[in-house]
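Since the structure comes first, as structure tokens, the remarks are kept for the end.
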Amino acid sequence: IRPSEAGHFAFPILVAPLLGGSAKRLGDGEDEAFSPDGLSVIYSTLEGDIFLARIDGTENRKLAHVGSEALSFSWSPDRKAIRFTEDGLLWEMSSDGSGLHRLLPDWKEPGSQCCGKWTPDGHFYLFGLDSPSSGSQIWALDERSRPFQMRSSVSIRLTTGPVRWGQLVPSRDGTNIFAVGT
């Protein structure tokens, strides 16, 4: 639950049981997302601090500082990595906050990277690129590991044309992508 109040920029993040009971305050921030097991919530402050809070209220710790607000958190299916958007770039860190780095340091396409999601099997990471020249298109990063080979760092453009794509959701079996197109 995130109540909003006029004039406030940092909102309290609350968790409440569906079948009744009192809400627990986890912290103040934005763009919260549940961990895959549903036991933790990750969120960012406007100042760029990233926190992880247990939903039972027993722990709230700072994982990292990234300079400005982080958005669109996404856990890897194996729960080992967290990816997010900060200042128009995709970032990655381990789930304990260590190893913070840009996901695509050699990226050449102009535009803002955003809102990535893994397919449920972890084979692909999907994200959007909002570019002045090509609009908002869907890209994929091949995450499959192959014997004796490093993971591919080449992104694959999946869409083209006048439709602007956003709010990506991979299907449960990973064979389809649901997205809003305008």
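So, in region 158-178, how many residues would count as being open to solvent by less than 40 Å² (accessible area, probe 1.4 Å) and closer than 10 Å to Ser136 by Cβ? Walk me through how you get there before you give the answer.
First, pick out the residues of region 158-178 that are open to solvent by less than 40 Å² (accessible area, probe 1.4 Å): 159, 161, 166, 168, 170-171, 174.
Next, only the ones that are closer than 10 Å to Ser136 by Cβ stay: 159, 166.
The total comes to 2.
Report every pair of residues separated by at least 6 positions or lying on different chains whose Cβ atoms are under 6 Å apart, first residue within region 76-99 and at negative phi and modelled with pLDDT of 95 or more, second surrounded by 16 or more Cβ atoms within 10 Å (Cβ to Cβ) and of a type in the set (Val, Ile, Thr).
Glu86/Val66; Met93/Ile82
Would you check which residues across region 37-64 are under 20 Å from Leu90 (Cα atoms), surrounded by 16 or more Cβ atoms within 10 Å (Cβ to Cβ) and not polar (S, T, N, Q) and list them?
If the condition is that a residue be under 20 Å from Leu90 (Cα atoms), surrounded by 16 or more Cβ atoms within 10 Å (Cβ to Cβ) and not polar (S, T, N, Q), then Val41, Ile42, Tyr43, Asp49, Ile50, Phe51, Leu52, Leu63, Ala64 are the ones that fit.
In region 113-142, what count of residues is obtained for those that are crowded, with 16+ Cβ neighbours inside 10 Å and either in contact with a helix residue (DSSP H, G or I) (Cβ under 7 Å, 6 or more places away or on another chain) or part of a strand (DSSP E or B) (or both)?
Qualifying residue count for the region: 20.
Taking only region 104-124 into account, find how many residues are at pLDDT below 90 and touching a Lys or Arg at 6+ places or on another chain (Cβ under 7 Å).
Residues flagged as at pLDDT below 90 and touching a Lys or Arg at 6+ places or on another chain (Cβ under 7 Å) within region 104-124 amount to 0.
Being of a type outside the set (A, V, I, L, M, F, W, C), more than 16 Å from Phe51 (Cα to Cα), over 13 Å from the mean Cα position of the chain (by Cα) and open to solvent by less than 50 Å² (accessible area, probe 1.4 Å) is the filter here, so list the residues in region 65-110 that pass it.
Passing the criteria: none in range.
Which ones in region 97-112 are touching a Leu at 6+ places or on another chain (Cβ under 7 Å), under 21 Å from Glu69 (Cα atoms) and part of a loop (DSSP other than H, G, I, E, B)?
Gly97, Leu103, Leu104, Gly111
The values are calculated or read from the model by the stated rules, or taken from the named source; none is laboratory data. Because the structure is a prediction, the values reported are computed rather than measured. Cβ sites come from the backbone with ideal geometry, for glycine too, and all protein chains shown count toward neighbours. Each accessible area value is taken on the protein alone, full model and side chains, heavy atoms only, with ligands, DNA and RNA left out. Shrake-Rupley method; radii C 1.70, N 1.55, O 1.52, S 1.80 Å.
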